[in-house]
1. Based on this model, can you work out whether residue 52 counts as closer than 22 Å to residue 157 by Cβ and surrounded by 13 or more Cβ atoms within 10 Å (Cβ to Cβ)?
2. For segment 63-84, what are the residues that are without any contact (Cβ under 8 Å) to a residue 60 or more places away in the chain and more than 30 Å from residue 117 (Cβ to Cβ)?
3. Just checking, which of 138, 123, 172, 151 is in a loop (DSSP other than H, G, I, E, B) and either modelled with pLDDT of 90 or more or surrounded by 12 or more Cβ atoms within 10 Å (Cβ to Cβ) (or both)?
4. Of the conditions (1) surrounded by 15 or more Cβ atoms within 10 Å (Cβ to Cβ); (2) over 21 Å from the mean Cα position of the chain (by Cα); (3) modelled with pLDDT of 95 or more, residue 79 fails just one. Which one is it?
5. Residues that are in contact with a helix residue (DSSP H, G or I) (Cβ under 7 Å, 6 or more places away or on another chain), farther than 23 Å from residue 126 by Cβ and either at pLDDT below 95 or surrounded by fewer than 16 Cβ atoms within 10 Å (Cβ to Cβ) (or both): does segment 9-29 have at least one?
6. When you go through 56, 47, 60 one by one, which is the residue that is touching a residue at least 60 places away in the same chain (Cβ under 8 Å), within 16 Å of the chain's Cα centre (by Cα) and under 16 Å from residue 136 (Cβ atoms)?
7. Can you tell me which condition residue 114 does not meet? The list is (1) in contact (Cβ under 8 Å) with a residue 12 or more places away in the chain; (2) more than 26 Å from residue 27 (Cβ to Cβ); (3) assigned to a loop (DSSP other than H, G, I, E, B), and all the others hold.
8. Quick one: how many residues across segment 107-120 are exposed (fewer than 11 other Cβ atoms within 10 Å of the Cβ) and either under 27 Å from residue 62 (Cα atoms) or within 15 Å of the chain's Cα centre (by Cα) (or both)?
């Protein structure tokens with residue numbers, strides 16, 4: 001079956017940054033809905049018309065991936081509001097930030113603790129890959145028609161990069 005909008009594609013990949021450093025390897029196939037919210041638009045566009053077994057090499061500039069780094073998404077908050085054991089790299093969901101943080105922090109954003117100072121904490125609301133050019137080697141493992149529930153939900157259950165709150169050193173990808 002050829003890849004068309006509104007189908008489910010099963011992919012494996014190797015993701016590198018612009019300098020060639022490996023960021024993620026997906027060895028076991030994962031399903032993504034085309035025409036939903038699972039994949040970046042440039043990836044969906046590149047997959048169109050391909051069949052199982054196809055391999056693609058994509059170079060995505062930041063504006064085609066997770067956008068440019070925005071220093072307006074950096075927030076300085078009092079250290080006293082955060083729990084003991086706070087570490088750089090910890091991730092907080094905006095709606096679950098400690099009571100007393102600035103009302104300017106959008107609640108639908110994930111914030112990474114980027115720096116900790118004695119009196120302040122820097123929260124970064126940028127995607128972890130904002131400002132990074134991506135090099136992606138994809139392999140199409142399978143293609144199938146999307147189920148009605150997948151079409152209604154707009155997803156096959158996996159986003160391209162589902163950012164998960166993780167302990168320092170933990171994986172943030174898929």
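1. Yes, satisfied.
2. 63, 64
3. Only one candidate qualifies: 172.
4. Of (1) surrounded by 15 or more Cβ atoms within 10 Å (Cβ to Cβ); (2) over 21 Å from the mean Cα position of the chain (by Cα); (3) modelled with pLDDT of 95 or more, only one is false for residue 79: (1).
5. The answer is no; no qualifying residue exists.
6. When all the criteria are applied, what remains is 60.
7. With respect to (1) in contact (Cβ under 8 Å) with a residue 12 or more places away in the chain; (2) more than 26 Å from residue 27 (Cβ to Cβ); (3) assigned to a loop (DSSP other than H, G, I, E, B), residue 114 is out only on (3).
8. Of the residues in that region, 2 qualify.
The values are calculated or read from the model by the stated rules, or taken from the named source; none is laboratory data. From a predicted model like this one, the values you see are computed outputs, not experimental measurements. No Cβ is skipped: glycine too gets one built from the backbone with ideal geometry, and neighbour counts run over all protein chains shown.
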